Structure formats: C-alpha cells, structure tokens
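Beneath this line is the structure, given in structure tokens, with notes to follow.
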Amino acid sequence: MTPSFQQTYGPWAVVAGASQGIGAAFSQEIARQGVNVIMIARTLAPLEATAQAIRQQFRVQVRTHSLDLATPDLAEQFQAIIQDVEVGLLIYNAAASEIKPYVQSSLDSKLRQLDLNCRGPLTLTSLCGEKMATRGRGGLLLMSSATSLRGTELLVTYAATKAFNTTLAEGLWQELSPKGVHVLGVVAGAIRTPNYENSNPQQNRIHATAQAPETLAQNALARLGRGYPIWFSSWQVRLSELLFSRLLPRSTGIRMLGRITRQLYPNVGDLE
Ligand SMILES: NC(=O)c1ccc[n+]([C@@H]2O[C@H](COP(=O)([O-])OP(=O)(O)OC[C@H]3O[C@@H](n4cnc5c(N)ncnc54)[C@H](OP(=O)(O)O)[C@@H]3O)[C@@H](O)[C@H]2O)c1
C-alpha cells in the first residue's frame, strides 16, 4: 500500500515564509493532509492570524515563529526552533525580489536578496536534509521562478538567486532521491499573491496567466516525490521554456523575456 502524505512527510512540516500568499496556502494544504506545521515569517501578527485560521479548520498542531531568514545566525536560530520535533517536510518559500534596473539597486538590497533567497534555503536544506537522509524519508520543496531559467532585465539579482534554487533542487534530487528523500524545485509563473499584486503588474500575457496561490500549493505538493526534480507551475511556463530552450538562441530568449518583463512593469526605472 502507498504510504499516506502523513506517513511520508509527518509528523512536522516547516514552511519558511508562511504568513500570506503561497506560504500560507502551503501551510493550509499541509494541515489539511494531517501534518503539523511550523510557520515562519518576520511579522508575528499576520503569521499568527493565518495560523489561527488553520488551527480552527484542521486537527493539527500549528506553531508560529518570528524569524528573519536573512539573519547571519540563521542556522543557530533555526536549530532552536526545530530542536524538539522531527521535520518530515521543509518548504522554503520566502524570497525578496526587487524590481529595478541593476545599476539603480543598492548593494545592500542585492546582498539581502542573496541572503534570503540563497543562503536561507542552503542553510535549511542542509539542516533538515541530513536528518531526512539518515531517516530514509522526507521532502524538500524549494520555490523557484520562471525567471530562474535565464537572466531577466529589471529582476537581474532575483533571477540569478532563483537560478540557484532551481539548480540546488536538481542536485539535491539526484543525491537524496536514492535515500528516500523527495525533492522538488517549483518553477512558478505569476501567482496572485499580495507581494505580486503590490508590485502593480500591468495587463500582459504573463499577468493573464497568473494563478491562485492555493492552486499552486496543491499542485506542487501533489508533484513532490513523483520522480521529477523540477515542476513548472503551468503549461504556459513549460511551453515558453520549451520554445526558448529548443528553438531560439539563448540571447533571443533573454531579450524576449526582458521585453515581456518591461511590459509588465512599464513604469519601473529608466535604463537610458
Ligand atoms: N508571486 C509570484 O508571482 C511568484 C512567481 C514566481 C515565484 N514566486 C516565488 O514564490 C515564493 C513566494 O512568493 P510570494 O509572492 O507568496 O511572497 P510573499 O507574498 O512576499 O510572501 C512571502 C512570505 O515570506 C515571508 N518573508 C519575507 N521575507 C522574509 C524574511 N526575511 N524572513 C522570514 N520570512 C520572510 C513573508 O512574511 P514577512 O514579510 O512577515 O516576513 C511572507 O509570509 C517566493 O520564493 C517567490 O520567489 C512567486
């Protein structure tokens, strides 16, 4: 008999970046499937509000922790959070994305994106992955982005940090799958999260395909452990990747994506 979600990924899941959007949707879906959840974000009030709504709906334990995942002592602080639980599933969802021309973005902002988007998942997958491999079961899910597939104008730093996550997921999948640990990198297109909506995107072909966070979370969890290292969140993302990688020179793909990103954010910065 196939083991249940709870048997495979319980008793505890960690969602890093959990108070709203995709992270809240992941927490909700994990709780629905009977696994206890540790929810992490910086601001406690919205995190606790989301957690309370989940507690009222499902008979699982939900803990909240205020933690900046970009902090230099992340490893120590995270270990203290998980010291008394067995983590069967880690979802690294939090990310910083600044939409600005590279030369107008401060070095501090770029390094903060690097810390949160790369150092964070590296640290948490190291701390959880080792124990999962020893136990012979578990799951690691990293949120990446369609921008990870090639360099992207206005999102230069963010796209590069997301490429790190896509590649990290692929390598972990190769190493840890034989040890019973499921790994998935989620290459997402536009998702209607508060963060995305607040970025004030204009109507274009990317915006038209934007999905609900709940759809993304349910579909991504269903793909975990199905034998793929990477999952594209929609057929549009998969099709554009096929087109860009098989039919067009890489430079043409970069220019086309840049044009689409500019259409999405026509009022951001001036590259002249
Ligand atoms: N939305 C999209 O269109 C889209 C598309 C492709 C990929 N993605 C990926 O999907 C993931 C989630 O995106 P989203 O739009 O749902 O983001 P979001 O709405 O900004 O939510 C991010 C969550 O992470 C938390 N967070 C942010 N910075 C943090 C930090 N330094 N330490 C701890 N927690 C932090 C936030 O709470 P606090 O602010 O209180 O900390 C929030 O709970 C990201 O990895 C992103 O790259 C999103």
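The values are calculated or read from the model by the stated rules, or taken from the named source; none is laboratory data. Bear in mind the structure is a predicted one, so any value in this text is a computation, not a measurement. Quick reminder, even Gly has a Cβ in these numbers, built from the backbone with ideal geometry, and neighbours come from all protein chains shown.
Of all residues in segment 60-89, which are more than 15 Å from the ligand (Cβ to nearest atom) and part of a loop (DSSP other than H, G, I, E, B)?
Within segment 60-89, Val60, Gln61, Gln83, Asp84, Val85, Glu86 meet the criteria.
To keep it simple, each residue is scored yes or no on (1) under 20 Å from the mean Cα position of the chain (by Cα); (2) more than 26 Å from Leu114 (Cα to Cα); (3) at pLDDT below 95.
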position	(1), (2), (3)
Pro11	no, yes, no
Val35	yes, yes, no
Leu47	yes, no, no
Ala51	yes, yes, no
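Among the helices (runs of 4 or more DSSP H) contained in segment 101-208, which hold 1 or more residues that are more than 11 Å from the ligand (Cβ to nearest atom)?
Passing ranges, in order: 107-114, 120-135, 156-176.
In segment 1-56, which residues are hydroxyl-bearing (Ser, Thr, Tyr) and assigned to a loop (DSSP other than H, G, I, E, B)?
Thr2, Ser4, Ser19, Thr43
Scan segment 226-241 and tell me whether some residue there is over 30 Å from Arg32 (Cα atoms), in a helix (DSSP H, G or I) and among the β-branched types (Val, Ile, Thr).
Scanning segment 226-241 turns up no residue that is over 30 Å from Arg32 (Cα atoms), in a helix (DSSP H, G or I) and among the β-branched types (Val, Ile, Thr).
Within segment 214-223, can one find any residue that is surrounded by fewer than 16 Cβ atoms within 10 Å (Cβ to Cβ) and at pLDDT below 95?
no
Please list, ordered by first then second residue, the pairs with beta carbon atoms under 9 Å, 6 or more apart or interchain, first in segment 116-135 and on the phi > 0 side of the Ramachandran plot and touching a residue at least 60 places away in the same chain (Cβ under 8 Å), second part of a helix (DSSP H, G or I) and crowded, with 17+ Cβ neighbours inside 10 Å.
Once the first residue is on the phi > 0 side of the Ramachandran plot and touching a residue at least 60 places away in the same chain (Cβ under 8 Å) and sits in segment 116-135, no partner that is part of a helix (DSSP H, G or I) and crowded, with 17+ Cβ neighbours inside 10 Å comes close enough.
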